[in-house]
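A.B. asks: Sharing a structure here in structure tokens format.
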Amino acid sequence: MEQFSHLITVPIFGERRYTNQSLAVVLIVMLFSVLSGWGQSFFEGDYVISTNHIEDQQYGLFEFCIGESNCKSIKTAFFADQPYKKLKELQSQKKVLLATSASFASAVMVDGKPIGFCADNGQILNKMPNQVMDGIVVVNSHNESMDKMIVYDLDMPRINCDENCCGYAYMHYNPREEPYDVFKFFSWIDENKLSAFQTQLVYSRHNSDPSRFEQPYHGKNDRSRRFLGVVKKNENLRHIIIDIPKNDYLMHAAGEALDLLSDRGYEVEYLLNLDTGSKDILHAFNGENLVNLRPGAMIKAGTIERANNLLVYYLED
């Protein structure tokens, strides 16, 4: 399959021109224009898209039912080695529901190296954990006996105690802080053909630090924002991609996203930052096609065909 099938873009009529940001907002408005109330659901409610406004900011939510017996077989994958080629191969066999940029890269070109620890299907692409970013996301696409996604908080202290008593703390690998964990973690990734990337863990229920949100306007207000939320509702596990097309500060956007999810009745386990820089990539299934929600790439290398990495959700059946 030479072309990315089911990919559509919205033409710009006449002489009117949009900035990258305003075009993204226009497309998201068009995507959600057919929705009402809480949104529209597909595959018996296992994939839901909806929108919400807070003041002048729009929040697009893409929700996936993950790992429950009453859910469809929605799986997730992370590609960092030839990501577009692997996405096309996956799309030729499965229904792709969403593809987004995830991990940060050292350069905008296709051969840009991942920043922080990174692995693709057991192949470790970057062994050196970043010393600032505090989250590692491990994606499992093969082993049915394991969770489909595991999040490690590298800032969380680990307690030396019995496995049956410690639970999360006992099972917590930390290849950034614990030298002995490095070998075990690498071996675990390799043996189970896991994929992984490192990013900013802006919130963890297991290690909540309220001071993170005390300066919501710290840093730069220079880009759109996107988060991966790992949440529970009625004991059912869900993954939610929260897309914020207008520029915002990282922690202000994260705080608003947390409030939005809480207001909707979700218990947030983790909220992780996804890359929305020059490689701001987001394609989502709208019931008929996979829609490019970021067609006005800032640079030529900022397209899905030249992605450095992709986090993908797809329907197994």
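A.B. asks: Determine which lysines satisfy two conditions relative to Lys184: a Cα distance under 16 Å, and not lying fewer than 8 residues away in the same chain.
C.D. replies: Excluding near neighbours in sequence, the set is Lys127, Lys193.
A.B. asks: Kindly rank 233-239, 290-296 from highest to lowest mean number of other beta carbons found within 10 Å of each residue.
C.D. replies: 290-296, 233-239
A.B. asks: Excluding residues on the same chain fewer than 8 positions from Lys86, give the aspartates and glutamates whose Cα lies under 12 Å from its Cα.
C.D. replies: Within the straight-line cut-off, Lys86 pairs with Asp120, Glu305.
A.B. asks: Let me ask something else. What net charge do the residues around Gln93 carry, taking every other residue with its C-beta under 15 Å from that of Gln93, with Lys and Arg at +1 and Asp and Glu at -1?
C.D. replies: Summing Lys and Arg as +1 and Asp and Glu as -1 gives +3.
No lab work stands behind these numbers, since they all come straight from the coordinates. All values derive from a computational prediction rather than experimental measurement. Glycine gets a Cβ as well: all are built from the backbone with ideal geometry, and neighbour counts include every protein chain shown.
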